[in-house]
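Structure first, then comments.
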Amino acid sequence: MTKQLWAPWRLEYITQADQQDGCIFCLAVSASDEDGLVVHRGERAFVLLNKFPYSSGHLMVAPYRHVGDFGELEVDEAAEIHRLAAQGLAALAAVYQPQGYNLGWNLGRIAGAGIVDHIHQHVVPRWAGDTNFMPVLADVKVLPEHLGDARERLAEAWPR
């Protein structure tokens with residue numbers, strides 16, 4: 001017998017991206033680090049916190065260039081995104097001591113991409129038991145830390 005776990009809030013998040021003015025990544029680049037939740041700026045790519053995280057410290061790594069097709073990434077952009085994701089693991093380990101990580105790309109709306117026109121890689125810290133009943137019963141995610149505080153702590157822990 002198959003059991004299903006519904007996540008109805010996810011559709012609201014996915015469709016909300018189409019309703020805002022401008023690309024969240026391009027807006028974050030032009031904002032202050034605090035306002036854009038930018039943790040680190042590289043030469044060709046940057047790291048920011050997800051405003052709708054799966055867990056505390058959920059990072060996204062994106063190229064500065066507004067590009068929606070993975071195949072259009074330049075070699076140097078792809079290499080820097082990979083390097084920044086690895087550095088993100090180190091910063092997350094220093095700040096949160098997760099027991100594991102999910103790293104991935106959601107390419108296209110059908111694959112779960114909330115933002116389809118500006119590709120980005122997710123770096124999600126994970127802990128045993130980090131998925132709980134609150135999102136299912138109350139449409140609430142319990143995040144123990146304010147995003148601004150998380151951004152500051154991760155920026156300070158970023159490998160130099």
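The values are calculated or read from the model by the stated rules, or taken from the named source; none is laboratory data. Keep in mind that this is a model prediction, so the values were computed, not measured. Every residue, glycine as well, gets a Cβ built from its backbone with ideal geometry; the counts of neighbours run over all protein chains shown. Note: areas computed on protein heavy atoms with side chains; ligands, DNA, RNA excluded. Shrake-Rupley method; radii C 1.70, N 1.55, O 1.52, S 1.80 Å.
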- Scanning the range 87-106 for residues that are assigned to a loop (DSSP other than H, G, I, E, B) and open to solvent by 70 Å² or more (accessible area, probe 1.4 Å), the one nearest to Gly148 (Cα to Cα) turns out to be Gln97
- Note on the structure: Restricted to the range 120-135 and to residues being touching a Gly at 6+ places or on another chain (Cβ under 9 Å) and modelled with pLDDT of 95 or more, the residue surrounded by the most Cβ atoms within 10 Å (Cβ to Cβ) is Val123
- Message: If the requirement is being free of Cβ contacts under 8 Å to residues at least 60 places away in the same chain, in contact with a Pro (Cβ under 8 Å, 6 or more places away or on another chain) and among the small types (Gly, Ala, Ser), which of these qualifies: Ala62, Ala45, Ala28, Ala78?
- Response: Ala45
- What helices (runs of 4 or more DSSP H), lying completely within the range 1-61, carry at least 2 residues that are at pLDDT 85 or above? 24-30, 33-36
- Query: Which of (1) farther than 14 Å from Leu49 by Cα; (2) surrounded by 17 or more Cβ atoms within 10 Å (Cβ to Cβ) is the odd one out, the single condition Val61 does not satisfy?
  - Reply: (1)
- Message: Going by what's in this entry, would Glu152 be described as at pLDDT 90 or above and charged (D, E, K, R)?
- Response: yes
- Query: In the range 64-86, which residues are among the β-branched types (Val, Ile, Thr) and surrounded by 15 or more Cβ atoms within 10 Å (Cβ to Cβ)?
  - Reply: Val67, Ile81
